[in-house]
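Below you'll find the structure I mean.
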Amino acid sequence: MSKNYIFFICYFIIFFVKTQEKNVVDGIFATVGEHVILHSDIDNQLFQYKSQNITLENENQLKENIIKDLFFEKVLLHFALVDSIEVDQSEIDNTINQRLFFFEEQLGSLEKIETYFNKSINQLKEEMQPLVKNQLLTQKMKYEITKNINISPKDIKNIYKNLDSLPFIETQFQIGHILKVPDASKKSIEEVLTKLEDLRLRIVEKGADFSTMAILYSEDPGSSRNGGAYFGVKKGDFVKEFESVAFSLKINEISDIFKTEYGYHVAQLIDRRGNEVDIRHILMTPKISNYEMLSSKGFLDSLRQEIILETNTFSEYAAKFSDDNETKFNGGLLINPNTNSSLFSKSDIDNTLFNNINSLDIGEMSDPIYIKLLNGQEAYRIVKLVDKIDGHIANIEDDYAFLQQFCYQIKQEEVLMNWYSEHINKIYIHCNDDMKKFKFYNDLLND
């Protein structure tokens, strides 16, 4: 069982313990500004550590660290409100969908998620809204506090020289892939276009309510329950084909059918405020048959054989045939979103991909592998182990990019803690007597 799997199981268990415990009497441990910390908030995080079989050498110290982190979170939320930092509903929905998608990958299906928690997906999404909103607000507030940090080569050398112990870098992999997304049949596309045009005419000519049609028929899990609506959409939030239509419509105008990588849409502009729009849409996606899936798999298998026979190189075929537009002209090389480099450690990739590359020698390719993309599309890909760097102690000659990021994180933590120390004394705090036994709280009183 992967660490990611354990983490997400714990994440969901803790989240739903939280939401359920709000329905019973739960004592307030502390008040920070307009926010409260409940006893259950602390207990749930302790439960998370225990669920992951983390050794608790000093449970009291761990509890103090958890409380300190919760205080920090509430202070960030307070000043996010003071500084008028906002989170769009589309950001919340997209984050929830990504987390549910990852969890679906671990459990196997959305139905299994519903069975596991005895709740519908829509119920889960509704209950996740406030937690995800707060997480996004704290992320944005941290960014505002740290956005002007610069790390010079001199800073890196100084930090590197003064480290008590050098960081260990896990084994890292450089991975390339050629992705093949099956094409829907002409018949399947025509069926979707006919259904969508029928809905459009019912709305335009017969006065059917767009929101109701979206709830009933849209296949966009992020917006269908909201009547297809996304609010506060800015340029750059969605794919360019969608934005091109969204920002060209007049208020209440309904678009013609248009296509994006997600499928076919009809959209209606709700409102416009400067560079922001509120828009609703109905999405329908042509269904992919088993025949089309197997055709894509067979196509990749043929490419693999030709690469082995040196008819063409992996990079040449990636540029010519891969459906991943972000990597196809870079030899199919995957980029790690956590580091913006082409190196991945085991914890950066899912179990399926790791198991496939871990059995390869450098330069070898896998057989075609099934993958479900973030947009819900099913596809196949072949992956190549481009390079493998064994685990080692970081050194400034070979690991400059890693150390640059490492030093940035040290500086970021320093800036955040300085900001926290300065701002926590500017807001109302009330705690019960239990707080007096914790060192960090007494330090706050003495600042």
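A quick yes/no check of all residues on (1) at pLDDT below 90; (2) in contact with a Leu (Cβ under 8 Å, 6 or more places away or on another chain):
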position	(1), (2)
ILE121	yes, yes
GLN139	no, no
THR146	no, yes
ILE169	no, no
SER188	no, no
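Got at least one residue in region 270-282 being in the same structural domain as VAL192 (by TED's automatic domain parsing), under 30 Å from GLY228 (Cα atoms), touching a His at 6+ places or on another chain (Cβ under 9 Å) and among the small types (Gly, Ala, Ser)?
Within region 270-282, not a single residue is in the same structural domain as VAL192 (by TED's automatic domain parsing), under 30 Å from GLY228 (Cα atoms), touching a His at 6+ places or on another chain (Cβ under 9 Å) and among the small types (Gly, Ala, Ser).
Look at LEU216 and say whether it is surrounded by 14 or more Cβ atoms within 10 Å (Cβ to Cβ), assigned by TED's automatic domain parsing to the domain that holds GLY274 and either of a type outside the set (Asp, Glu) or over 17 Å from GLY376 (Cβ atoms) (or both).
So LEU216 does not fit the description; no.
Here is a check on your reading of the model: is LYS157 surrounded by fewer than 14 Cβ atoms within 10 Å (Cβ to Cβ), touching a residue at least 40 places away in the same chain (Cβ under 8 Å) and among the basic types (Lys, Arg)?
yes
Show me the helices (runs of 4 or more DSSP H) found entirely inside region 84-159 where at least 1 residues are among the small types (Gly, Ala, Ser).
The qualifying helices (runs of 4 or more DSSP H) are 89-107.
For region 265-324, enumerate the residues that are closer than 30 Å to TYR217 by Cβ, among the hydrophobic types (A, V, I, L, M, F, W, C) and under 28 Å from the mean Cα position of the chain (by Cα).
If the condition is that a residue be closer than 30 Å to TYR217 by Cβ, among the hydrophobic types (A, V, I, L, M, F, W, C) and under 28 Å from the mean Cα position of the chain (by Cα), then VAL266, ALA267, LEU269, ILE270, VAL277, ILE279, ILE282, LEU283, MET284, ILE288, MET293 are the ones that fit.
For residues that are modelled with pLDDT of 90 or more and small (Gly, Ala, Ser), tally how many sit in region 338-363.
Qualifying residue count for the region: 4.
Right, here's the next one. For the subset of region 356-403 comprising residues that are surrounded by fewer than 16 Cβ atoms within 10 Å (Cβ to Cβ) and within 24 Å of the chain's Cα centre (by Cα), which member is farthest from TYR317 (Cα to Cα)?
Only one residue tops the list, namely ALA401.
Name the single residue, out of those in region 235-260 being within 19 Å of the chain's Cα centre (by Cα) and surrounded by fewer than 17 Cβ atoms within 10 Å (Cβ to Cβ), that is modelled with the lowest pLDDT.
Only one residue fits best here, namely GLY236.
Moving on to the next point. Looking only at region 98-142, count every residue that is polar (S, T, N, Q), closer than 21 Å to GLU276 by Cβ and under 13 Å from the mean Cα position of the chain (by Cα) and tell me the total.
Summing the residues that are polar (S, T, N, Q), closer than 21 Å to GLU276 by Cβ and under 13 Å from the mean Cα position of the chain (by Cα) in region 98-142 gives 1.
Pick from region 366-411 the residues that are free of Cβ contacts under 8 Å to residues at least 40 places away in the same chain and assigned to a loop (DSSP other than H, G, I, E, B): which of them is farthest from PHE102 (Cα to Cα)?
Filtering first and then ranking leaves GLU397.
Given the structure, is GLU197 touching a residue at least 12 places away in the same chain (Cβ under 8 Å), part of a helix (DSSP H, G or I) and not aromatic (Phe, Trp, Tyr)?
yes
Those residues that are touching a residue at least 40 places away in the same chain (Cβ under 8 Å) and part of a helix (DSSP H, G or I), I need them from region 160-179; list them, please.
Passing the criteria: only TYR160.
The values are calculated or read from the model by the stated rules, or taken from the named source; none is laboratory data. This structure is a prediction, so every number in the text was calculated from the model and none was measured. Please note: Cβ atoms are built from the backbone with ideal geometry, for glycine as well, and neighbour counts cover all protein chains shown.
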